[in-house]
Each structure stands twice: as C-alpha cells, then as structure tokens.
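A.B. asks: Sending over a structure as structure tokens; questions will come in a sec.
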Amino acid sequence: MSLVIVDSPIPLKTDADGVVRVGNTRVTLDTVIAAFQEGATAEEIVSQYPSLLLADVYAVIGYYLQHQPEVDAYLSQRQQIANEVRSQNEARFNQQGIRERLLARQSQVK
C-alpha cells in the first residue's frame, strides 16, 4: 500500500470586510496567531476556541511559519486599523466619568 500525497487547501477565508477567518468559523487569523505567539499549542487554541478544528489550526500555524512576512504585514495593517477606530471612538465618546454616569443612570432606574 502506498501513501497518496495530496495538497490540501489552507483553511483561511477572507470575508466581505477583508478579515481573514479560519476554516468555517468566525475565529480570525489574528486570534490564532496571537495565541500561537503567546506560546499556546494548537491543542490549547482549539480548547479556547472549540469551533476550530485541530487540523485547521495546525495548517494555519504552518502557513504562518512559511509566510511570516506577509502574515505579519497583514496583522500590522489590522492593528493599525484597530488603533484608528479606537482613536475615532474615543474622540466621539468621552470616556471621562463614564462609570459615574452609568451608576447614576442605574440608580434612577431602580
């Protein structure tokens, strides 16, 4: 019996917003790579995100290791966008005293 070697597609999909997701889940590439960079094993990542398949996580980690400059550029771009959105939200919504305003609102409801 011989072993048949086949190419398997990398389980990454780009959604309508340009976000790369793993397999048929809503888990982002950012999430898996961040966990991997923090030292989590593929098994630990799957236990944190049970919608992921172990084989998909291993494939994504392998893809990352083989295409690290491109993936890092994508992740950097995503981080930059997140920082811009955070800055815009902070400018639009004053965070100062929010706890006190929420507590005051909650006491009025009672």
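The values are calculated or read from the model by the stated rules, or taken from the named source; none is laboratory data. Source: prediction; values computed, not measured. As a convention, Cβ positions derive from the backbone with ideal geometry for all residues, glycine included, and neighbour counts pool all protein chains shown.
A.B. asks: Please give the number of the condition Ile98 fails out of (1) within 21 Å of Pro11 (Cα to Cα); (2) at pLDDT below 85.
C.D. replies: (1)
A.B. asks: Which pairs turn up if I take residues in segment 1-22 that are under 29 Å from Ala82 (Cα atoms) and look for partners that are among the hydroxyl-bearing types (Ser, Thr, Tyr) and surrounded by fewer than 14 Cβ atoms within 10 Å (Cβ to Cβ) with beta carbon separation below 6 Å, at least 6 apart in sequence or on another chain?
C.D. replies: Close Cβ pairs satisfying both conditions: Val20/Thr14.
A.B. asks: Sticking with this one: Are any residues in segment 29-48 within 21 Å of Pro9 (Cα to Cα) and of a type outside the set (A, V, I, L, M), and if so, which ones? Lay out the reasoning, then the answer.
C.D. replies: Narrowing segment 29-48 to residues within 21 Å of Pro9 (Cα to Cα): 29-33, 36, 42-43, 45-46.
Answer for segment 29-48, where residues must be within 21 Å of Pro9 (Cα to Cα) and of a type outside the set (A, V, I, L, M): Asp30, Thr31, Phe36, Glu43.
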